Protein chains: 6
Amino acid sequence: MGIHQYFQSLSDLENIYRCPGKFKYQEHSVAEHSFKVTSIAQFFGNVEEKAGNEVDWRALYEKALNHDYSELFIGDIKTPVKYATAELREMLSEVEESMTQNFIEREIPSEFQNIYRHLLKEGKDETLEGKILAIADKVDLLYESFGEIQKGNPENVFVEIYSEALATIYKYREMASVKYFLAEILPDMLHEKGIRKTELPELTNDITAQALKDDSK
Amino acid sequence: MGIHQYFQSLSDLENIYRCPGKFKYQEHSVAEHSFKVTSIAQFFGNVEEKAGNEVDWRALYEKALNHDYSELFIGDIKTPVKYATAELREMLSEVEESMTQNFIEREIPSEFQNIYRHLLKEGKDETLEGKILAIADKVDLLYESFGEIQKGNPENVFVEIYSEALATIYKYREMASVKYFLAEILPDMLHEKGIRKTELPELTNDITAQALKDDSK
Amino acid sequence: MGIHQYFQSLSDLENIYRCPGKFKYQEHSVAEHSFKVTSIAQFFGNVEEKAGNEVDWRALYEKALNHDYSELFIGDIKTPVKYATAELREMLSEVEESMTQNFIEREIPSEFQNIYRHLLKEGKDETLEGKILAIADKVDLLYESFGEIQKGNPENVFVEIYSEALATIYKYREMASVKYFLAEILPDMLHEKGIRKTELPELTNDITAQALKDDSK
Amino acid sequence: MGIHQYFQSLSDLENIYRCPGKFKYQEHSVAEHSFKVTSIAQFFGNVEEKAGNEVDWRALYEKALNHDYSELFIGDIKTPVKYATAELREMLSEVEESMTQNFIEREIPSEFQNIYRHLLKEGKDETLEGKILAIADKVDLLYESFGEIQKGNPENVFVEIYSEALATIYKYREMASVKYFLAEILPDMLHEKGIRKTELPELTNDITAQALKDDSK
Amino acid sequence: MGIHQYFQSLSDLENIYRCPGKFKYQEHSVAEHSFKVTSIAQFFGNVEEKAGNEVDWRALYEKALNHDYSELFIGDIKTPVKYATAELREMLSEVEESMTQNFIEREIPSEFQNIYRHLLKEGKDETLEGKILAIADKVDLLYESFGEIQKGNPENVFVEIYSEALATIYKYREMASVKYFLAEILPDMLHEKGIRKTELPELTNDITAQALKDDSK
Amino acid sequence: MGIHQYFQSLSDLENIYRCPGKFKYQEHSVAEHSFKVTSIAQFFGNVEEKAGNEVDWRALYEKALNHDYSELFIGDIKTPVKYATAELREMLSEVEESMTQNFIEREIPSEFQNIYRHLLKEGKDETLEGKILAIADKVDLLYESFGEIQKGNPENVFVEIYSEALATIYKYREMASVKYFLAEILPDMLHEKGIRKTELPELTNDITAQALKDDSK
């Protein structure tokens, strides 16, 4: 029992790969994803602050840095499995929760247990920081699928991931972060070499159009 | 020019490997190292807080998360080169600084340039947060070399890295973080399977003895 | 819809790795594991036949070849998660079953659907062929963990896998296959170079002793 | 001497790669190829049975599963070498045969030697099962080259492999399996994303036209 | 101290990769690059000899084979860093020189030190052999970037490398080797499958046009 | 047809790996092996020169650099196959020879064909340079197997390779190069960390003793 086990577990997150078997050009470990999501969240935190919103920075970094630590316990459960039924989803989330609690009780010294209970709890809540995490997580996913599509990976799953990620980002389109993303970052992405010949521009238009239609309702 | 380039550059840090060609059992990208250092710094921040010291959490996360971003510009310059002469070291540090400034001016939109100048500046200063970063950086390096030694990599360079990292950590032995590390974490590390037969226990004793001798002067 | 999708899915099984992130010396894809389990089952089928038992060869090959095809749908769910509660285990098994059914209905032409319903159903039943599959599956797992231990991987998980696999094989020790395995194959394994210095010989003795004790009850 | 060596040799087939140095997007081990060929042969066996032909299932599985085991002894001899002269081809085939016999005599316990002499002999004979193996072997090769072409590998060797494999399949076009393949599977393959822009559709037409011309003779 | 260390260091050059993190389709170690540059230089040496120029073959092979040995000491310093200022460039070159000298004094037995001082000194001088090395080094770099562009790597850095390498080769266009390269080899390269759709033909024309303009001045 | 194809073929030698599937810690491409053999031969050439023997340097470099180019045509034929019968060995060597001739006639422009006939012919003849090549080839093989044994690879094949390589080197023990190797390099090798616990010291003694016995006959 001890922090030594926690420090070693960080390295295990270097060996858990996202969507195993799908990425052909660049694989991404959970550790790498966590780094990128935290860096993206850091940028969006600054956008929100510039827009006059107050950011709890400690909370934002905590949420982003630790948001996928529990992948250590449950591994890569494919999304269709995870969401097969609401009941199963609930149950898996309970198992994840209880395995995290077990880990904390077994490995974390008692004086730090409350701290890690706080750090490792689900971070995507309704606070500003929770919403920034939700967006940053999807923006990184968008970039990961974009990278494969740009290099010519014909697997349709990346087009699906791109669409799903972008549609989720759109849901938060009232936020300053998402406004900045849609106005400044996404257009640059779609002007990258070779993208015009892919499905991405049309797909992006469809998702935008759908969002506008939803808005006008 | 734009944040799109910054977001893409995060992914380039997944492709820059530490000590290229040396790790035979597990390689570590700069992105993965940054994640681990930030998580280790997060733990030490809590130790310091428990010890009654005030932690500027935003500063701590900023320093740890971004501390190796400039590896993007300068690549892996071998340590002996970096420190060949004080003059060269100075000059390389100026080049790194100026390439970071160029990147910020070229890619970061003007309204965010001051923020990124602050985020990407050298973080290892004399503040409590700067010192926690210095320790966390070495603790991760210690774990990286420990992993190779435990698995049987005969390259002497990992013994040298272990020694140098531990000696640097010792320099901060007045800090609560380092006290905790030496009393609670290091002993667990040395009790891992197969370590007793390596040079690590004796090496660790030598470094401790040397430190005690320095203390008593 | 069509057999084309089924043929392509075979190749996806080359990209799903067993125990991702654990094997440091040799990784094993689900496709490779399936090949080895079928070859091992083929040997045990011959042992049973020599011992005077009738083997339904078509059934044996079908069970062994297709026994992990459904990993395609559910991915690598870590064992502790899978068995966290009896309820969850049941539910996951239902999801797996229903995803397999969906795949068959969606991709397999109707004239072949009944055949694939038969081929892809759970094969580890109480028939002789079902039991041979159960043993062959564990023998391959034993060899996979043995390979890592022999090469010096210090991760305790392989000792646990070895023990669990061997204990499961022991449960079938009334079968001619397992008698042959224990008398002729396991001793050769434990005489391999470097194994005497590991925990494996003692561990094996403990499991045997426990089994004998159970027998004498 | 013993089955232990045979079980370990299965794992060596995970380390022998097909066409080493050619596949850039997805490599295929001999173990993986054997799994896929057996699964494809299993499908074609069902097609033949539906067409009213009697299938000896045990023979079919034995042939498919073990058809490349002897790659263990001879390694990857490039096709042009193998077929350089009829004399050399004959001689290599004798060497392969004699090395397989040696292995059986050296490693397989005497009571199982006849069984393995049967299992490891050349399977592509004039029986229905031998012909299904010949087709299944080429279908997997076709899929392997198709995968590289679809992802954009410019090496001409994959176009050659595709053509040679398809032409060989065509030779068996009187069989129900091949009729099914040409009518139902190949068209789906050629409708995959991005294939229309490659040479494959034209190439396929040429091979078909040639076959029809041969038929009408 | 001894030649043993030198022999082992050759193997370290198999672990130092060129432009780490950039090549997605085929990586190239410094050892592999050295082999190719020497083989290319060997060809150009023959071209020069045919053109009536006298080639010092020993010098040519020595220069080509050993030209990147010092990468062992300095690692991969990114080109923009290396050339940031003339002063830094000078200093890095001094450090490289002095680390090579240290290595020779520390590892090479005294009776061979003068030989290795000669072998490991900078080879790109104004002799015919020095110029052939300069060209061969760039031709290999051209082929490395060509390989990535042909396979569809969208990273702009390869287009930049191609341009820079070709422009440097052009500088030596008075030499028989370069004349042969431009007249016989480059056109074949640009006729490779898929190249017509890339930027390379236009880029090549621009570089040629610029060179002609320079010539006519 | 052209030198372009020859230049591209150099890169194919980066993708042909030695003893595929055997090396677990460090793989070696034919290109890398060629670089190391040439560097080792360069050293031994200097030893011979110091011993008063005249070295034809151009011949030495040509032999070493190009000695495995024909692996391009024949691939990795396992040693036991190659030497199965004297007749087969002869025949394979004829095939290799005739494929090399075909390549030269097909790809090399006529004005260079004689040069490449000379460069690509078998180099291990009875000249001093041919003998240095034979030794250098085995020394590199010795180092390759040594690397695996030192890191703990339990596969017996590396002990066999070490023995066979050393025994072959011993056959040339009248040469100054081999005397230097045995007196100065081999002892350093056997003093490397962890080697004392392996079979190598005893094995080396046995080979030496056998050689002395042969000498005294």
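Quick notes
- Accessible surface of residue C:9, taken over heavy atoms with a 1.4 Å probe and every protein chain present, rounds to 10 Å².
- Label-to-label distance, residue C:26 versus residue E:171, with points set 7 angstrom from Cα along the beta-carbon direction: 5.2 nm.
- To the nearest ten degrees, helix B:30-50 and the longest principal axis of the Cα atoms of chain B are 70 degrees apart.
- For segment D:3-216, accessible area per residue (1.4 Å probe, heavy atoms of protein chains only), Å²: 41
- Using heavy atoms of the protein chains and a probe of 1.4 Å, the accessible area assigned to residue A:13 is about 0 Å².
- Rounded to the nearest 20 debye, the dipole magnitude of chain D is 560 debye, with +1 charges on Lys and Arg beta carbons, -1 on Asp and Glu beta carbons, and the Cα centre as origin.
- Cross-link check: pairs C:22/E:22; E:22/F:36; E:151/F:124; A:121/C:131; A:78/D:36 evaluated at a Cα-Cα cut-off of 32 Å; pairs beyond the cut-off: E:151/F:124; A:121/C:131.
- Taken residue by residue and averaged, Cβ atoms of other chains lying within 10 Å of the Cβ of F:185-192 number 3.
- Here the accessible area of the protein assembly as shown is 48 percent carbon and sulfur, with a 1.4 angstrom probe and all protein chains present.
- For peptides F:134-140, E:103-109, sequence by mean Cβ density within 10 Å, most packed first: F:134-140, E:103-109
- The stretch between residue A:54 and residue A:106 holds 15.0 nm of extra length on full extension. This uses 0.36 nm per residue minus the Cα-Cα distance.
- Between 0 and 90°, nearest 10: helix A:3-12 axis offset from chain A longest Cα axis: 30
- For segment E:135-166, a decrease in accessible area of 30 Å² or greater in the assembled protein chains relative to the isolated chain, with a 1.4 Å probe, applies to E:143, E:150, E:151, E:154.
- For segment A:27-62, a decrease in accessible area of 50 Å² or greater in the assembled protein chains relative to the isolated chain, with a 1.4 Å probe, applies to A:32, A:35, A:42, A:43, A:46, A:50, A:58, A:61.
- Shape call, the protein assembly as shown: gyration tensor on alpha carbons, a/c limit 1.5: rounded
- Closest-to-axis residue of chain E (Cβ criterion, axis taking E to A), whole Å: E:152, 3
- Inverse of mean 1/r across different Cα pairs in segment C:6-132, Kirkwood, Å: 16.1
- Per-residue ellipticity at 222 nm from helix content only, as computed over chain C with -39500 (n - 2.57) for each DSSP H run of at least four residues, stands at -21500 deg cm²/dmol.
- Rg ratio (alpha-carbon, reference 2.2 N^0.38 Å) - segment E:3-216: 1.08
- The charge dipole of segment D:1-108, taken about the Cα centre with unit charges on the Cβ atoms of Lys, Arg (+1) and Asp, Glu (-1), comes to about 460 debye, rounded to the nearest 20.
- At the residue level, residue D:55 shows approximately 20 square angstrom of accessible surface with a 1.4 angstrom probe and all protein chains present.
- With the label put 7 angstrom out from Cα along the Cα-to-Cβ vector, residue A:215 ends up 5.9, 5.9, 6.4, 7.7, 9.0 nm from the copy partners, going from closest to farthest.
- The candidates B:144, A:126, A:49, arranged from most to least accessible area with a 1.4 Å probe in the full protein assembly, appear as A:126, A:49, B:144.
- Ranked order, C:17, B:170, B:116 - accessible area, probe 1.4 Å, largest first: C:17, B:170, B:116
- Ranked order, E:50, B:36, C:171 - accessible area, probe 1.4 Å, largest first: C:171, E:50, B:36
- Summary for residue F:56: label point 7 Å along Cα→Cβ; distances to the equivalent points in the other copies, ascending, 2.1, 6.2, 7.5, 7.5, 8.3 nm.
- Of the residues B:75, B:40, B:120, the one whose Cα sits farthest towards the positive end of the charge dipole of segment B:3-216 is B:40 (charges of +1 on Lys and Arg Cβ, -1 on Asp and Glu Cβ, taken about the Cα centre).
- Between 0 and 90°, nearest 10: helix E:86-107 axis offset from chain E longest Cα axis: 40
- Size of electric dipole in the protein assembly as shown: Cβ of Lys, Arg +1 and of Asp, Glu -1, about Cα centre, debye, nearest 20: 0
- Both chains summed, the buried accessible area for F and D stands near 1700 Å², from protein heavy atoms and a 1.4 Å probe.
- Calculated on the alpha-carbon coordinates, the convex hull of segment E:153-212 measures out at 78 cubic angstrom per residue.
- Taking chain B and dividing mean pair separation by its residue count, relative contact order in percent (alpha carbons under 8 Å, at least six apart): 23
- Extending 7 Å from Cα along the Cβ direction at residue E:205 and again at residue A:191 yields two label points whose distance is 2.6 nm.
- Contact residues in segment E:90-130 by the 50 Å² criterion (accessible area, 1.4 Å probe, full protein complex versus chain alone): E:91, E:95, E:112.
The values are calculated or read from the model by the stated rules, or taken from the named source; none is laboratory data. Being a predicted model, the structure only gives us computed values, none of them experimental. Glycine gets a Cβ as well: all are built from the backbone with ideal geometry, and neighbour counts include every protein chain shown. Accessible surface is based on the protein model in full, side chains and every heavy atom, while ligands, DNA and RNA are left aside. Shrake-Rupley method; radii C 1.70, N 1.55, O 1.52, S 1.80 Å.
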